[in-house]
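The following block contains the structure, expressed as structure tokens.
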Amino acid sequence: MAIFTNQAILSYRNGAVSSNIVTGEIIEVLSVTKDSLLDTYSTGDTVTYVVGIFNSGTAPLTGVTVTDDLGAYPFGATTLVPLTYVNGSMSYYVNGILQPTPTVTSGTNLVVSGLTVPANGYAQLIYQVRVNEFAPVAVGGEIVNTVPATSCGESATAEEIITV
């Protein structure tokens, strides 16, 4: 977040006076949340995620892209991905109204693109993933699932953690 200061100087006849100094903060227009409907998992479970995308600006955000890392984590010289997107499970809502399914690409990451979030509005993505054989199953294991959203230079990130 950017912080700025401002001060005015009033000039009159042969004098000048300065106003008080005001400090302000530019708040992000785009914000994102991520929630799981389950707190725990086992291999083979289906987990439903809800991603909320909020636009506090006065203009719509178009071309929004959301990228879910599907819980990817480093393992030696490689990266393991413990969640697999359930094809066809994506639902997209804008201000609570169901929209046509957006473009969804799944692989190492789940990428949802072409989203629009209206001014002072919100969008939701609701989808399912399956816990696969790469999920940590030892006591204390967890899946840290991160999801950034980007649009026109704006970006925000959220994460959700579920435990074994």
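The values are calculated or read from the model by the stated rules, or taken from the named source; none is laboratory data. No experiment lies behind these values; they were computed from the predicted model shown. As a convention, Cβ positions derive from the backbone with ideal geometry for all residues, glycine included, and neighbour counts pool all protein chains shown. SASA here: full protein model, heavy atoms, side chains in, ligands and nucleic acids out. Shrake-Rupley method; radii C 1.70, N 1.55, O 1.52, S 1.80 Å.
Taking Glu154, is it touching a strand residue (DSSP E or B) at 6+ places or on another chain (Cβ under 8 Å), open to solvent by 50 Å² or more (accessible area, probe 1.4 Å), of a type in the set (D, E, K, R) and under 19 Å from Gly57 (Cβ atoms)?
Considered against the rule, which asks whether it is touching a strand residue (DSSP E or B) at 6+ places or on another chain (Cβ under 8 Å), open to solvent by 50 Å² or more (accessible area, probe 1.4 Å), of a type in the set (D, E, K, R) and under 19 Å from Gly57 (Cβ atoms), Glu154 comes out as yes.
Of the conditions (1) outside any strand (DSSP E or B); (2) touching a residue at least 60 places away in the same chain (Cβ under 8 Å), Leu115 clears all except one; give me its number.
If we test Leu115 against (1) outside any strand (DSSP E or B); (2) touching a residue at least 60 places away in the same chain (Cβ under 8 Å), just (1) comes out false.
Applying the selection to the range 123-135, what residues are surrounded by fewer than 18 Cβ atoms within 10 Å (Cβ to Cβ) and either among the charged types (D, E, K, R) or within 12 Å of Tyr41 (Cα to Cα) (or both)?
Arg130, Asn132, Glu133
A further question on this structure: Just checking, how many residues over the range 136-147 are surrounded by fewer than 22 Cβ atoms within 10 Å (Cβ to Cβ) and either in contact (Cβ under 8 Å) with a residue 40 or more places away in the chain or over 15 Å from Leu83 (Cβ atoms) (or both)?
Total meeting the criteria: 7.
Sticking with this structure for a sec: Can you tell me which residue in the range 115-155 is nearest to Pro74 (Cα to Cα), limited to those that are of a type in the set (A, V, I, L, M) and within 12 Å of the chain's Cα centre (by Cα)?
Val147
Looking at this structure, is Tyr122 touching a Gly at 6+ places or on another chain (Cβ under 8 Å), of a type in the set (Phe, Trp, Tyr) and closer than 25 Å to Ile162 by Cα?
Yes; evaluated as a whole, the condition is true for this residue.
Just to be sure before I move on: is Ser106 of a type in the set (S, T, N, Q), at pLDDT below 95, surrounded by 12 or more Cβ atoms within 10 Å (Cβ to Cβ) and under 25 Å from Ala135 (Cβ atoms) in the structure I sent?
yes
Another question, then. Quick one: would you say Ser56 is at pLDDT 95 or above and within 17 Å of the chain's Cα centre (by Cα)?
no
Now for a separate question. Look at Val112 and say whether it is closer than 16 Å to Pro148 by Cβ and either under 17 Å from the mean Cα position of the chain (by Cα) or of a type in the set (D, E, K, R) (or both).
In short, yes.
Let me ask something else about it. Out of the strands (runs of 3 or more DSSP E) lying entirely within the range 1-109, which hold 3 or more residues that are closer than 18 Å to Thr157 by Cβ?
30-36, 46-55, 61-68
Next up: Answer yes or no as to whether Ala119 is under 16 Å from Asp39 (Cα atoms) and of a type in the set (Gly, Ala, Ser).
So Ala119 does not fit the description; no.
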